[in-house]
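Taking it in order: structure first as structure tokens, then the write-up.
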């Protein structure tokens, strides 16, 4: 693995680890339940808004991570038409590239499956129920955090195995 690829993976891992919910803070759902215990409608709306903002920011991070990891070796139109002029030795070996792609696919599939099952559980709740909306968003954040943590772990393994080579 080339140095640029190692630095990129280390950066992605750091960013993922920043967004993983620490065990000291507990889960998003547990924190949301504490805030929602008051039953005050204004507090629930504010909590919902805050969770939505956090979720949007984390989705942007997920999109960026996906672009960084997947786009690293994608052919661009200029490479297709004048590839011989732009060719450089790949940053990753074929096995490393496949391992990263597998980690991303596993991350995506796991998150989608868990969010689908969560969506099914919350599907029949009334739309106006602010407490249910807060719990739904908090549960989504917990799922995203656990999936991010798994991706980070997978990337750390790939990085460690690359350093052993």
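Return yes or no: is residue 65 modelled with pLDDT under 80 and within 23 Å of residue 18 (Cβ to Cβ)? No; evaluated as a whole, the condition is false for this residue. Considering (1) touching a residue at least 60 places away in the same chain (Cβ under 8 Å); (2) exposed (fewer than 13 other Cβ atoms within 10 Å of the Cβ); (3) farther than 30 Å from residue 159 by Cα, the lone condition that residue 4 does not fulfil carries the number (3). If you go through the range 118-165 and keep only what is farther than 20 Å from residue 32 by Cα, in a helix (DSSP H, G or I) and at pLDDT below 85, you end up with 120, 162, 163, 164.
Any idea which of 10, 111, 19 is surrounded by 12 or more Cβ atoms within 10 Å (Cβ to Cβ) and at pLDDT below 85? Being surrounded by 12 or more Cβ atoms within 10 Å (Cβ to Cβ) and at pLDDT below 85 holds for just one of 10, 111, 19, which is 19. Restricting the range 36-60 to residues that are modelled with pLDDT of 80 or more and buried (at least 17 other Cβ atoms within 10 Å of the Cβ) leaves a set whose member that is farthest from the chain's Cα centre (by Cα) is 44. So is residue 87 farther than 19 Å from residue 135 by Cβ and modelled with pLDDT under 75 or not? Answer is yes for this residue. The residues of the range 123-145 that are free of Cβ contacts under 8 Å to residues at least 40 places away in the same chain and surrounded by 15 or more Cβ atoms within 10 Å (Cβ to Cβ), listed by number, are 132, 136, 143. For residue 74, the requirement of being at pLDDT below 90, buried (at least 18 other Cβ atoms within 10 Å of the Cβ) and under 22 Å from residue 1 (Cα atoms) is not met.
The values are calculated or read from the model by the stated rules, or taken from the named source; none is laboratory data. Because the structure is a prediction, the values reported are computed rather than measured. Note: ideal-geometry Cβ built from the backbone for every residue, glycine included; neighbour counts use all protein chains shown.
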